[in-house]
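Notes for the one structure printed next.
The values are calculated or read from the model by the stated rules, or taken from the named source; none is laboratory data. For clarity, every value in this text was computed on a predicted model and none was experimentally measured. Cβ placement follows ideal geometry from the backbone for every residue including glycine, while neighbour counts extend to all protein chains displayed.
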Amino acid sequence: MEFRRRTLTQIGDMICGNFPEETSHFVYRSSKYLTEFFEEADTDYRHDGTTRREWVADTLALVLKEPRASSTTVPDSFARVITRLMDKSEALNDEAGRPGALAMLNAALAREGFEAFYAEDQQCYLRHVATSMIAAPSPNPHRPFPQAEQERREQLLSYLQSASEDSMIEEVLLPLFRQLGFHRVTAAGHRDKALEYGKDIWMKYTLPTQHVLYFGIQVKKGKLDASGVTRGSNANVAEILNQATMMLGHEVFDPEVGRRVLVDHAFIVAGGEITKAARNWLGNHLDALKRSQIIFMDRDDILNLFVVTNLPLPQGAWAAQSAYPTEPPF
């Protein structure tokens, strides 16, 4: 990925703070503080004494050559540089929220197809305009959550408990998988049950080698268990067996390549818990090849991934939280 030199030079001016003090939206940084800036962004670049703006532009060009998750995002290091640059604690001239700084940054980023925005955690992130994919450092869904993220997790949990299966697919899963780097994420006839063949969603993922893997997803709203009787929103894993077999055996048409392809892996996604007994039962009833193609994702996986990727909460999440102040059992 390469940005235009003009864009890099403009961002370099912002990092250096090369503006009149009385109207500047950015802190002035001398050589020492430029080095500190890039250290705080978790990079190893140190100012070498050359012209500050040109050195920063050259450094940003090097950062943009680092590996990235997909063609519609930027390297983690560049995302951290932008987050550090737009730290709200460095607002100047009584500019609460830094709207002037954000407008100036977005004027430069627009020609590259990106825009900067402040998320609910008050940190600045980049978003690819065409795909709405957020460029953020690689998420770790297993890290401890601060209070703000824990509150967002509880709001999403309440929403999942009250949402329908269709709403869960459209408002939670589709945005989540798109943000995680999957593309051509398509709901496969879930509303009318036409041409579903065991899958609610199909999508594909391009490996760094440019090989493509295809995925099918079967979604269940509630808990997935191995009990003999289906209770309420709980789904019996026996229902999943035929659907998983159909999903893996039926081709999907990929219009981007103009041919039909088989699904390489099947996601079994549940809005509740997927019990260990259910996982074992399904594994025991599939042959070794198909067993290796099954990937499970339960409620905790959805909640953690949705929070750490910093996606906006679905519409109605706040109302759902007030309707379900405590977590009902699945």
**OP:** Return the residue satisfying two criteria in turn: it lies in region 160-213 and is modelled with pLDDT of 80 or more and at positive phi, and of such residues it is surrounded by the fewest Cβ atoms within 10 Å (Cβ to Cβ).
**Re:** Gln210
Subject >> Every residue from region 20-53 that is farther than 16 Å from Met86 by Cα, surrounded by 13 or more Cβ atoms within 10 Å (Cβ to Cβ) and either outside the structural domain of Ala91 (by TED's automatic domain parsing) or not β-branched (Val, Ile, Thr) (or both) >> reply: Ser31, Tyr45, Arg46, His47, Arg52, Arg53
**OP:** Output the number of residues of region 98-119 satisfying the condition of being free of Cβ contacts under 8 Å to residues at least 60 places away in the same chain, part of a helix (DSSP H, G or I) and closer than 26 Å to Leu313 by Cβ.
**Re:** 4
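Mind telling me which of the residues Leu311, Leu303 ends up being touching a helix residue (DSSP H, G or I) at 6+ places or on another chain (Cβ under 7 Å), at pLDDT below 85 and either crowded, with 18+ Cβ neighbours inside 10 Å or not in a loop (DSSP other than H, G, I, E, B) (or both)?
Leu311
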Subject >> Neighbours by Cβ (under 8 Å, 6+ apart or cross-chain): first from region 277-294, assigned by TED's automatic domain parsing to the domain that holds Lys223 and among the charged types (D, E, K, R); second modelled with pLDDT of 85 or more and surrounded by 13 or more Cβ atoms within 10 Å (Cβ to Cβ) >> reply: Arg279/Phe296
**OP:** Sort out which residues of region 88-114 are buried (at least 16 other Cβ atoms within 10 Å of the Cβ) and at negative phi, and write them in order of number.
**Re:** Ala91, Leu92, Gly100, Ala101, Leu102, Met104, Leu105, Ala108, Leu109, Glu112, Phe114
Subject >> Set Ser89, Ser77: member being in contact with a helix residue (DSSP H, G or I) (Cβ under 8 Å, 6 or more places away or on another chain) and not basic (Lys, Arg) >> reply: Ser77
Original post:
Across region 246-264, which residue is nearest to Ile294 (Cα to Cα) among those that are surrounded by 14 or more Cβ atoms within 10 Å (Cβ to Cβ) and acidic (Asp, Glu)?
Top reply: Asp264
Original post:
Hey, Phe253 hits all of (1) more than 17 Å from Ala187 (Cβ to Cβ); (2) within 27 Å of the chain's Cα centre (by Cα) but one; which does it fall short on?
Top reply: (1)
Original post:
Is at least one residue of region 1-11 surrounded by fewer than 20 Cβ atoms within 10 Å (Cβ to Cβ) and over 22 Å from Ala116 (Cβ atoms)?
Top reply: no
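Tell me, please, whether a residue that is touching a strand residue (DSSP E or B) at 6+ places or on another chain (Cβ under 8 Å), at pLDDT 90 or above and part of a strand (DSSP E or B) can be found in region 274-283. Before the answer, list the steps.
Pass one, region 274-283, residues touching a strand residue (DSSP E or B) at 6+ places or on another chain (Cβ under 8 Å): 274-275, 277-279, 282-283.
Next, only the ones that are at pLDDT 90 or above stay: none.
Within region 274-283, none of the residues are touching a strand residue (DSSP E or B) at 6+ places or on another chain (Cβ under 8 Å), at pLDDT 90 or above and part of a strand (DSSP E or B).
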